[in-house]
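A short write-up of the structure that comes next.
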Amino acid sequence: MAFLQDHLARLHAKYDHGNRVLFYDQVVVAYLTMFFNPTLKSLRALCDWSGSPQGQAFLGSTRYCRSTFSDANALMDATLLEPIIDRLRRKIPDLQTRDGQLGRLLDQVRVVDGSFFAAAADVAWAIHKRSSKTSTAQKRKRAGKSDSFSHKVRMDLHLDGNLLPCHLVICGKGCSESASAMKKIDREAIYIFDRGYNNFKLISTLLSRNADLVLRLNAPVNFDSREDQILDELDRAANVLTDRIGQLSGSPHTWKDLPKQELREVVIFDPDHTDKPIRLITSLLDLPAHVIAQLYRWRWQIELFFRWLKVHAHFKHMISHSRNGMTMGFYVAVIAILLMYLHTGRPMSKYAYNMLAQVASGWASIEDILPILERRERECELDRQRQARKRAEKAGK
C-alpha cells in the first residue's frame with residue numbers, strides 16, 4: 001500500500017550515510033519476512049538466506065551480516081515505527097460484534113497483561129528465570145553446578161476491544177507489571193487487569209488520569225464496604241455473588257498510595273475453583289454487576305493473543321540483544337498483525353497466518369487465498385455450532 005511504501009522510503013533516508021549498507025526499511029522488510037516465514041527464526045538463518053539469489057531479490061542486493069544487523073537493531077530508533085502502527089490501526093474496520101452494553105463498552109477497553117519471550121544468554125538486562133526442567137536442575141546439582149536459568153524478556157501488551165495491539169513495553173529485571181502499565185495510560189479508557197497488577201499506586205494513577213479499571217484482587221487486599229447492591233436475575237445468571245460499594249483499605253505503609261475514590265467490589269463464583277471466588281475491584285459504579293463480570297472475562301482474549309503469537313506465528317525467541325532491537329521486532333510483529341487484519345478483513349487466526357505466509361513467499365496472491373479463508377471460516381463456524389448443540393443436549397439430559 002502506498003502510505004506504507006512512503007513511510008519506508010522516509011525511514012530509508014533517516015539513517016542515510018555514504019558508508020551504510022543496511023538501511024532502516026530493509027531491516028523492517030527483513031523482520032516482516034521472518035514473521036511470515038517459520039524457517040527464518042534466527043539471525044544466522046536470515047543472514048544465510050539473504051545471500052541466496054531469492055533472498056537478495058526480496059530483501060535487496062546486499063547480503064546481511066550478523067554484526068551489521070545487530071548494530072542496526074541497537075541504532076535505529078524503534079519508535080519511528082509508531083506512526084505506521086497508528087495509521088494502520090485507523091484503517092482497520094470494526095471487527096467485533098457491537099451488540100448490547102458490553103459491545104458499546106469495548107470501544108474503551110484496554111486489556112493489559114505480559115508474557116515472557118526467550119532472550120540470548122548474554123542479554124544483561126534480561127530476567128533470569130529458574131529452569132522448569134526439574135530433572136536437569138537435579139543433574140546439575142549432583143554435578144556440583146548451580147541450577148540452570150533461562151533468560152527472558154517480558155512484553156507487556158495493551159489490547160483494545162478489537163483485540164488489536166495499541167501499546168507495548170519491553171521489560172527486563174527490575175520492572176514490575178504495575179510499573180510497566182503506568183507508562184502507557186489512555187484517558188477515558190477502561191483497563192482490565194488480572195491479579196499481577198494489584199498495586200495501589202497503579203490504581204491511583206489510573207483514576208487521576210480519568211481512566212477506569214476492572215482489576216482482580218489478591219486475597220489479602222481489604223475492602224471496607226459501605227453499601228450492598230441488590231442483585232437481579234442477570235447478575236445471578238452471570239454467577240455474581242455480591243456487589244458492594246466502599247473503599248480499599250491497607251496498612252499504614254501503603255496509605256500514601258491508597259486510592260481515596262469510592263470503588264466497588266464485585267465477587268463472582270468461579271466454577272473451576274469453587275472455594276475461591278473471583279474478587280473484582282472497579283471504578284465503574286453505574287454499570288450492572290453482570291456487565292462487570294463480562295468485562296473481566298474479556299481479559300481471556302489477551303491470553304489467546306499471546307498463545308496465537310507464540311504457537312501459530314512461531315514468535316517465541318528474540319534475535320536482538322538490545323531493548324531497542326527487541327522493541328523493533330515486536331513493533332514489526334504488530335505491523336504484520338495489522339496488515340493481516342487489513343488484507344483479510346478478519347480477526348487473526350492460524351489459517352489466515354498460514355495462507356498469508358504463502359502470499360509472502362510468492363506462492364499465492366491475496367485474491368487467491370480469500371475464498372479459501374472464507375470457506376475455512378464457514379467450516380469452523382459450522383463446527384462451533386455443532387459443538388454448542390452437543391453441549392446443550394448434554395446439559396439438558
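The values are calculated or read from the model by the stated rules, or taken from the named source; none is laboratory data. Every value quoted in this text rests on a predicted model; they were computed, and no experiment measured them. Cβ atoms come from the backbone with ideal geometry, glycine included; neighbour counts cover every protein chain shown. All accessible areas refer to the heavy atoms of the entire protein, side chains included, with ligands and DNA or RNA removed. Shrake-Rupley method; radii C 1.70, N 1.55, O 1.52, S 1.80 Å.
So here's what we get for this one:
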read-out: Geometric extent, Cα atoms of segment 212-351 - Rg, Dmax (angstrom); value: 20.0, 55
read-out: Per residue accessible area in Å² of the chain, where ligands, DNA and RNA are left out and the probe is 1.4 Å; value: 52 Å²
read-out: With every protein chain in place, the chain: carbon and sulfur % of accessible area (1.4 Å); value: 51 percent
read-out: Length-normalised contact order of the chain in % [C-alpha pairs under 8 Å, at least 6 apart]; value: 18 percent
read-out: Within the chain, helix-based [θ] at 222 nm, where runs of 4 or more DSSP H residues each add -39,500 (n - 2.57), nearest 500; value: -13500 deg cm²/dmol
read-out: With 10 Å bins from 0: P(r) over segment 1-97, alpha-carbon pairs, percent; value: 14, 44, 31, 9, 2, 0
read-out: For segment 174-224 versus segment 1-79, the gap between their alpha-carbon centres in whole angstrom; value: 38 Å
read-out: Heavy atoms of Leu207: accessible area, 1.4 Å probe, square angstrom to 10; value: 30 Å²
read-out: Dipole magnitude (debye, nearest 20) for the chain, charges at Cβ of Lys, Arg, Asp, Glu; value: 1720 debye
read-out: Descending principal axes extents, segment 292-382, alpha-carbon based, whole Å; value: 43, 41, 20
read-out: Lys, Arg +1 and Asp, Glu -1 on Cβ, resulting dipole of segment 226-363 about Cα centre, debye, nearest 20; value: 860 debye
read-out: Over the chain, volume per residue of the alpha carbon convex hull, in Å³; value: 200 Å³
read-out: Distance (nanometres) between label positions extended 7 Å along Cα→Cβ at His312 and Lys173; value: 3.6 nm
read-out: ³J(HN,Hα) computed for each position of segment 236-245 - Karplus, 6.51 cos²θ - 1.76 cosθ + 1.60, integer Hz, glycine/proline x; value: 5, 5, 8, 6, 6, 9, 9, 9, 10, 9
